[in-house]
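Novice: Let me begin by handing over the structure; questions about it come next.
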Amino acid sequence: MKPQPGHFYAVGVGPGAPDLITLRAARLIEGCDALIAPRSERSEQSLALGIVAAHLRNPEILEHVYPMVRDAERTRESWNEVADWAVARLEAGKAVVQITLGDPLIYSTSSYLLEALRAKVAPERLHVVPGISAMQATAAVFGEDLTLQEDRLTLLPATDLKAVEQALESSETVVLYKVADRLDAVIDLLESKGLLDQARLSFAVEQDRQQLVMDLREAKGTRLGYMSVVMVRTGRKAW
């Protein structure tokens with residue numbers, strides 16, 4: 001697929017390793033006129049931009065620094081500004097790509113940008129290119145299946161422990177994102193449920209030397225960043 005003039009593409013670039021970018025993603029990045037690279041205000045550089053460096057063909061780049069706060073109004077205001085930047089280039093006939101870690105529709109900045117663009121751009125000019133998620137990469141690192149037969153899979157943030165407890169009681173596999181400062185509380189919950197031996201922790205999986213994988217029995221008190229994932233297998237659901 002080649003990027004079309006006046007079209008926007010939200011492109012997932014995977015969990016971190018450059019060779020986990022899809023062929024479609026690579027071609028769109030290589031052919032675009034303008035590229036949006038999100039960067040958390042807590043980071044010094046865009047990780048997504050580093051992942052795709054080999055595919056850049058001198059596009060105009062906007063490295064957008066977005067707020068890492070639980071503030072819907074401030075977040076939407078930030079991405080509305082990016083949408084205006086993108087629309088100006090789309091109207092000039094340029095192909096615009098936004099790159100994002102993992103998949104564009106799983107806890108991604110792309111969702112905010114697409115929301116803002118839908119009010120300004122015809123739907124046939126908006127495209128989403130899936131990427132490998134941190135959930136998939138974590139399961140692959142441990143060599144453990146996410147689902148089998150009639151298993152139920154629940155993906156949720158670790159910010160609401162009551163919701164996490166409910167998921168553990170109703171799903172055969174539970175994957176937690178946004179663990180970071182909730183890690184010790186998650187470990188305590190899993191221990192109370194007798195699930196520590198069935199839980200795994202990854203941090204920055206597929207991100208070069210940052211990657212860390214641990215048994216949760218050894219993880220309490222560990223200070224990890226935003227890109228932490230806990231995977232729990234609670235059992236099997238028979239056919």
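Just so it is clear, none of the values below were taken in a lab; they were calculated from the coordinates. Please read all numbers here as calculations on a predicted model, not as lab measurements. Every residue, glycine as well, gets a Cβ built from its backbone with ideal geometry; the counts of neighbours run over all protein chains shown.
Novice: Over the chain, what portion of Cα pair distances is larger than 28 Å, expressed as a whole percent?
Specialist: Cα-Cα pairs of the chain separated by over 28 Å account for 36 percent.
Novice: Within the chain, which is the longest segment containing none of the trypsin sites (Lys or Arg not before Pro) that sit in a DSSP loop and have at most 16 other Cβ atoms within 10 Å?
Specialist: Between the exposed loop sites, the longest stretch runs 71-119.
Novice: What number comes out for the charge environment of VAL121, summing +1 per Lys or Arg and -1 per Asp or Glu over other residues with Cβ under 15 Å away?
Specialist: Charge balance in the 15 Å sphere: +1.
Novice: What longest region of the chain stays clear of GluC sites (Glu not before Pro) that DSSP places outside H, G, I, E and B and that have at most 12 other Cβ atoms within 10 Å?
Specialist: 45-149
Novice: By how many degrees, 0 to 90 and rounded to 10, does the Cα axis of helix 183-192 deviate from the longest principal axis of the chain?
Specialist: Tilt relative to the chain: about 40 degrees.
Novice: Suppose every Lys and Arg Cβ carries +1 and every Asp and Glu Cβ carries -1, with no other charges. What dipole size does the chain come out with about its Cα centre, to the nearest 20 debye?
Specialist: Computed charge dipole of the chain: roughly 340 debye.
Novice: Going by alpha carbons, how many degrees (0 to 90, nearest 10) lie between the helix axis of 109-118 and the longest principal axis of the chain?
Specialist: Helix 109-118 sits roughly 40 degrees off the main axis of the chain.
Novice: Rounded to the nearest angstrom and ordered from largest down, what semi-axes does the equivalent ellipsoid of the range 118-194 get from its C-alpha gyration tensor (root of 5λ)?
Specialist: Working from the Cα gyration tensor, I get semi-axes of 30, 17, 13 Å.
Novice: Hey, can you grab everything whose amide H is under 5 Å from the amide H of HIS64? Only 5+ residues off in sequence or another chain; H modelled, so Pro and N-termini drop out.
Specialist: ALA37, ARG39
Novice: Keeping to pairs on different chains or 8 or more places apart, tell me how many lysine pairs in the chain have Cα atoms under 20 Å apart. Let's see the in-between values first.
Specialist: Numbers: LYS2/LYS94; LYS94/LYS120; LYS162/LYS178; LYS162/LYS193; LYS162/LYS220; LYS178/LYS220; LYS193/LYS220; LYS193/LYS237.
Count of close lysine pairs: 8.
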